[in-house]
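The block underneath contains the structure these notes are about, expressed in structure tokens.
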Amino acid sequence: MLKTRVITALVLLFGLLAVLFLLPPAAWLGFCALVCFAGAWEWGALAGFSKPLRGAFSVGLAVLCFLAGHFAGLTGTTAIPGLLLPIYGLSVLFWILAVPLWLKSKWRLSSSTLGMLVGAIVLLPPALALAQLRQFGPWLLLAAMAVVWVADIAAYFSGRAFGKHKLAPAISPGKTWEGAYGATAGVLVFGYIVAFSLGAAAQPLGSLLMLVPVLIAVTAVSIIGDLFESLLKRQAGMKDSGTLLPGHGGVLDRIDSLTSTLPLIGLGTLLLIA
């Protein structure tokens, strides 16, 4: 199993680097729409969709992703100003306001309509953010994704070493508060390493300190995204969201934290640029 996980991880990493650095904007947006399609297909299983509905939802969301990205200027065309702002804004509100209540109350996707609505909120904004952030350079997107990877790795090792207090035992018994603290520490260290490598040492102390709550917020939102998918899988009686990635489960298993963090980072870049 470990060998399979490592091989799959290496293939995914080198494949991602290839398309990230080599594809032109329109093709990259198409790749993001394809990721959206795969995530939507697996989401349909979590939500209990019939196969025809899963297919229609997956194709429809992928097409919507490409069209929204195209009209937002992500293919190099003339953009509709501010098109991405409400999409990201809705996503951020969902993750910071609705999902904590969802996790506390353990709500279910009780209907196909609700499943499609929530699925669109969960999957469309991060797919668009994946396309948008690459416009500022592949390295910025990699750094944004690496924040989540660092959080996951730091949480795993700190949880194994020090974990005693369960974070959400009814949802994900393996996660602990100590793991969450380790994730936060890891992200803070990584964030400041990146910041100083980009010349942040010349910035005022106040500006440097403002990075702390930003990184903590990103870490917290990434954990919420992970817990949300864990709850849906538990309610659906599924160990993994799919079987597309040998040793890793499905696409949603690999992007669960990114679904919550990428729209937040995307929104932040738009607001800072504006």
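The values are calculated or read from the model by the stated rules, or taken from the named source; none is laboratory data. In this text the structure is predicted, and so the values were computed from the model without any measurement. With ideal geometry, Cβ positions are generated from the backbone for all residues, glycine too; neighbour counts draw on all protein chains shown.
All conditions but one from (1) within 18 Å of the chain's Cα centre (by Cα); (2) surrounded by fewer than 15 Cβ atoms within 10 Å (Cβ to Cβ) apply to I80; the one that does not is (1). The set of residues in region 225-241 being of a type outside the set (G, A, S) and more than 8 Å from D256 (Cβ to Cβ) consists of L227, L231, L232, K233, R234, Q235, M238, K239, D240. Quick check on my filter: what residues within region 141-193 are among the β-branched types (V, I, T) and either in contact with a Gly (Cβ under 8 Å, 6 or more places away or on another chain) or buried (at least 16 other Cβ atoms within 10 Å of the Cβ) (or both)? Passing the criteria: V147, V148, V150, I153, I171, T176, T184, V187. Among the residues making up region 122-139, a single one is surrounded by fewer than 20 Cβ atoms within 10 Å (Cβ to Cβ), touching a residue at least 40 places away in the same chain (Cβ under 8 Å) and assigned to a helix (DSSP H, G or I): P138. Consider region 146-183. How many of its residues are free of Cβ contacts under 8 Å to residues at least 24 places away in the same chain and assigned to a helix (DSSP H, G or I)? Qualifying residue count for the region: 9. I'm told F49 meets every condition in (1) under 30 Å from S111 (Cα atoms); (2) in a helix (DSSP H, G or I) except one. Can you identify the failing condition by its number? Checking F49 against (1) under 30 Å from S111 (Cα atoms); (2) in a helix (DSSP H, G or I), the one that fails is (2). Just one of the listed residues (V35, V11) is aliphatic (A, V, I, L, M) and in contact (Cβ under 8 Å) with a residue 12 or more places away in the chain, and it is V35. Selection within region 52-77: residues that are touching a helix residue (DSSP H, G or I) at 6+ places or on another chain (Cβ under 8 Å) and in a loop (DSSP other than H, G, I, E, B). The member of this set that is surrounded by the most Cβ atoms within 10 Å (Cβ to Cβ) is L74.
Yes or no, residue by residue, for (1) within 16 Å of the chain's Cα centre (by Cα); (2) at pLDDT 90 or above; (3) not acidic (D, E); (4) not in a helix (DSSP H, G or I):
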{"position": "V189", "(1), (2), (3), (4)": "no, yes, yes, no"}
{"position": "F196", "(1), (2), (3), (4)": "no, no, yes, no"}
{"position": "L215", "(1), (2), (3), (4)": "yes, yes, yes, no"}
{"position": "T219", "(1), (2), (3), (4)": "yes, yes, yes, no"}
{"position": "S222", "(1), (2), (3), (4)": "yes, yes, yes, no"}
{"position": "F228", "(1), (2), (3), (4)": "yes, yes, yes, no"}
{"position": "L232", "(1), (2), (3), (4)": "yes, yes, yes, no"}
{"position": "K239", "(1), (2), (3), (4)": "no, no, yes, yes"}
{"position": "G242", "(1), (2), (3), (4)": "no, no, yes, yes"}
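Every test in (1) among the small types (G, A, S); (2) under 21 Å from F66 (Cα atoms); (3) loosely packed, with under 15 Cβ neighbours inside 10 Å is passed by G119 save one, and that test is (3).
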